[in-house]
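Remarks on the structure that follows.
The values are calculated or read from the model by the stated rules, or taken from the named source; none is laboratory data. Given the structure is predicted, the values throughout are model-derived calculations rather than measurements. Methodologically, a virtual Cβ is constructed for each residue, glycine included, from the backbone with ideal geometry; neighbour enumeration extends over all protein chains shown.
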């Protein structure tokens with residue numbers, strides 16, 4: 001498995017999943033990396049599809 005994937009999994013707190021299900025962690029990482037280009041990041045905050053989360057607003 002790619003050392004970067006292992007480091008990211010450990011940083012995300014997935015030590016147990018990495019130890020018990022390394023093939024699943026690798027498959028999830030591959031799927032995430034293959035679909036990363038499909039996510040559109042808005043460059044203008046005005047066009048964000050969801051309002052920014054702020055405590056106390058709208059409660």
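Structural remarks
- Just so you know, in segment 3-46 the residues that are modelled with pLDDT of 90 or more and part of a loop (DSSP other than H, G, I, E, B) include one that is surrounded by the most Cβ atoms within 10 Å (Cβ to Cβ), and it is 14.
- Residues being in contact with a helix residue (DSSP H, G or I) (Cβ under 7 Å, 6 or more places away or on another chain) and in contact (Cβ under 8 Å) with a residue 12 or more places away in the chain - total across segment 9-31: 5
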